[in-house]
Amino acid sequence: MSRLRAVVAALTLGVPFVATAADVTRVASSFEDEDPFGMFIDAGFAHSQRRTKIVREVLPESTGGTRQYEGELWYRNYDTRLNLDVAFGIAQDVELSFGLPLVLLQDESWSFVEGRNSGNSTITNNFVRNNCGGSGVPCSLTTREPLFNVPDNGYLETFRGGLTRLGNARFGFAWAIFNQLKDETKPTWTVALDYEAPTAKLLDPSFVTSKEQRGDVGDRVHKYTISTALSRQIGLAEPYFRMHYTIPVRGPGAWSNCDNRNVEPQNLGHPQNCGTADWNRKETGIQAPHIAGVMFGSEFQVLDQPTRKFKLDLRAISNYVSKGRYYNEMSGALRKLLATGDYMQVGGQFALTAQISDFLSVRGSGMFLYNTDHVLTDEKIGKDLDGNGSVDITGNPAELNPNFDYRTDFVSRRFLATESKDFRLDVTATLRF
């Protein structure tokens, strides 16, 4: 179960991954008759990628106002990290664990899709009027004001992570209620609680990064993951099932887009409402998503000798990611946290584990997830403060959401993620004591 922390680490980027332990129901156990102390040390290298096609809503006059979606950008995210996890038994079939990743890089890039360029893109040819109360207020469109610039034959890029960028620390508790090794009539059944502490330095999306000056990676959000897993060895196969649910709690110092309300170019629709009683940091800050998922599969013993084993692991994965406001595929370009729609992830993982000796095993895995289409810029225009049944954007400007930007959040101008896929490669060495 110690690799369960890998699931929690993925929420700092807006992307959930799967457990990568040699056994999803593994629990370190101490005070056994023949083994007074049990411990696992996992040292791993993980590289993940996300590739997403970003489209934009349009309402062309030629269609009579029918909503269409035009391709704009290809988004690519690369994350490389070293993971260290230690799990040790504090009683029979009860473990405590600790994990800490080193985020070597967390880089992003945006490039035009085929057929798009700075001459015909709605991003570089975004039209507004500067004298109509700010970008948060709808008005006639007469002035060309690019949202950001993308090179015609290159990439817009951001760079985060580095040799000194530690990720969020992870702490876990797991208990094997039943253990098939001790009672063959029952499956192995575990329950676990994992906590991700917001120890990484705060990610500032408005900070302009470079290869020489990389940004930080922390979201300052506490994350609590509860899970349960079942497995049962049947001959050479060991089918298993696991469920998990992650609850985020915003911590002190978490980012709010109002923290840099004077960013240039301006990316808030009504920054003058920042810090008011109705638009405090809780209202304008990060709202990390809840994540729930199930996983089922089976391990197969390909080679089973007293000291050497070779296992094949095949699993199917499904996750639900709720809506929220966090760092997504457009945040680095727009330089702020964005209201993101909910979506599903479906996919699978293939893994091989070689147990070299009683003390050492090596596991390699590859994972693929498909992310269903979802909106990337979906801030609400405001809230009804005077109780008249509507948000009055002209008569009562205090009702305007500071985060709402007419250029990107208004229907017919929103950005959406499509054809989104995650890939991950993981190699982990495990020492068992």
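The values are calculated or read from the model by the stated rules, or taken from the named source; none is laboratory data. The shown structure was predicted, so the numbers you read here are calculated from the model rather than taken from an experiment. In this analysis, Cβ positions are derived from the backbone assuming ideal geometry, glycine residues included, and neighbour counts consider all displayed protein chains. Ligands, DNA and RNA are excluded from the accessible area calculation, which covers all protein heavy atoms including side chains. Shrake-Rupley method; radii C 1.70, N 1.55, O 1.52, S 1.80 Å.
Numerical summary
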| item | result |
| --- | --- |
| Test result for Q213, in a loop (DSSP other than H, G, I, E, B) and modelled with pLDDT of 95 or more | yes |
| Evaluation of G366 against (1) touching a helix residue (DSSP H, G or I) at 6+ places or on another chain (Cβ under 6 Å); (2) farther than 26 Å from S256 by Cβ (one fails), failing number | (1) |
| Filtered residues of the stretch 178-194 (kept if touching a residue at least 60 places away in the same chain (Cβ under 8 Å) and outside any loop (DSSP other than H, G, I, E, B)) | T188, W189, T190, A192, D194 |
| Filtered residues of the stretch 87-101 (kept if closer than 18 Å to Y195 by Cα and open to solvent by less than 40 Å² (accessible area, probe 1.4 Å)) | A87, G89, V94, E95, S97, G99, P101 |
| Lone qualifier among L202, L147, L163, L156 - being open to solvent by 30 Å² or more (accessible area, probe 1.4 Å) and either touching a Lys or Arg at 6+ places or on another chain (Cβ under 9 Å) or free of Cβ contacts under 8 Å to residues at least 60 places away in the same chain (or both) | L202 |
| Close pairs (8 angstrom Cβ cut-off, 6 or more residues apart or separate chains): touching a residue at least 24 places away in the same chain (Cβ under 8 Å) and basic (K, R) in the stretch 281-299, surrounded by fewer than 21 Cβ atoms within 10 Å (Cβ to Cβ) and part of a strand (DSSP E or B) anywhere | K282/R250 |
| Residues of the stretch 179-191 satisfying the condition of being over 17 Å from D33 (Cα atoms) and surrounded by fewer than 17 Cβ atoms within 10 Å (Cβ to Cβ) | E184, T185, K186, V191 |
| Residues being open to solvent by 30 Å² or more (accessible area, probe 1.4 Å), more than 26 Å from K53 (Cβ to Cβ), in a strand (DSSP E or B) and among the hydroxyl-bearing types (S, T, Y) - total across the stretch 352-379 | 0 |
| Failed criterion for N371 (all others in (1) touching a residue at least 24 places away in the same chain (Cβ under 8 Å); (2) farther than 28 Å from A417 by Cα hold) | (2) |
| Evaluation of T228 against (1) closer than 20 Å to P289 by Cα; (2) open to solvent by less than 80 Å² (accessible area, probe 1.4 Å); (3) free of Cβ contacts under 8 Å to residues at least 60 places away in the same chain (one fails), failing number | (1) |
